[in-house]
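Before any comments, here is the structure.
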Amino acid sequence: MRYTLHGNHESGNCYKVALFFALSGIAYDWKQVDIFAQGTRGAAFTALNPFQEVPVLVHGETVVAQSDVILRYLADTTGRFGGDDAATRLQVQEWMAWTSNKMTSGISLARFGIRFAGFKPEVVEFFQNRARTAFDHVDRHLAGQPWLAGDKPTIADMSAAGYVYLAGEAGLDLTRWKKMLAWMGRLSMQPGWHHPDKLPRSDATVAPAAGHAVPDDD
């Protein structure tokens, strides 16, 4: 059964799922949803996903919403990137929950406030500082291991990467977080990786190769 991903090019949460497909080498169909023109509010989309959000994954008769739940579904159904043992899978889920709450929210809301909503500077700074605090923790963690959970890439890394490659659009300079930048570089060197700005631009999947500057890992 072929996968269909309903998403929007501006969404880091959609990028998480697209990245899984790209790194797995799995073809899928992309259905662009215009979230800025109430595309998630119509009756047809609401019937598909009552949460009225993207991304939404359709796989045969199965419909899955919420990006991290989609990642776990894909890991379980494909046997890829979910963690090799029970302890690692538990750690993966811990990191996915934490980064979504502490890191992704800071980046995404600062980016939303700058690019789309015109938040006051002090509001943007609040979310930026939330992200910076999370970066500190991630940087400390990655000083001792190459990936967030286990010794190879997992959906925990893909989940965290959903917005971290968009940090510049949130007014965040990542220069001081050397370990995290090195982790971003390692992830970007995985076969099939692509930047969020290379999300599919039509109904056909697109997964161009791209690189990310890797700093000295000191």
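The values are calculated or read from the model by the stated rules, or taken from the named source; none is laboratory data. Remember, predicted model here, so these are calculated numbers, not experimental data. Neighbour counts are summed over all protein chains in view; Cβ atoms, including those assigned to glycine, are modelled from backbone coordinates with ideal geometry.
Here are some notes:
- All strands (runs of 3 or more DSSP E) inside segment 21-113 with 3 or more residues being surrounded by 17 or more Cβ atoms within 10 Å (Cβ to Cβ): 28-32, 56-59
- Asp76 meets the conditions (1) modelled with pLDDT of 95 or more; (2) more than 22 Å from Asp157 (Cβ to Cβ); (3) among the acidic types (Asp, Glu) in every case but one. The failed one is (2).
- Of the residues Lys31, Lys16, the single one that is closer than 18 Å to Ser108 by Cα and in contact (Cβ under 8 Å) with a residue 60 or more places away in the chain is Lys16.
- Lone qualifier among Gly106, Gly150, Gly162, Gly118 - being on the phi > 0 side of the Ramachandran plot and within 19 Å of the chain's Cα centre (by Cα): Gly150
- Checking each residue in segment 127-144 for being within 18 Å of Gly168 (Cβ to Cβ) and either of a type outside the set (Val, Ile, Thr) or not assigned by TED's automatic domain parsing to the domain that holds Ala170 (or both) picks out Phe127, Gln128, Asn129, Arg130, Ala131, Arg132, Ala134, Phe135, Asp139.
- Residues of segment 138-197 classified as closer than 18 Å to Arg111 by Cβ, among the acidic types (Asp, Glu) and part of a helix (DSSP H, G or I), total: 2
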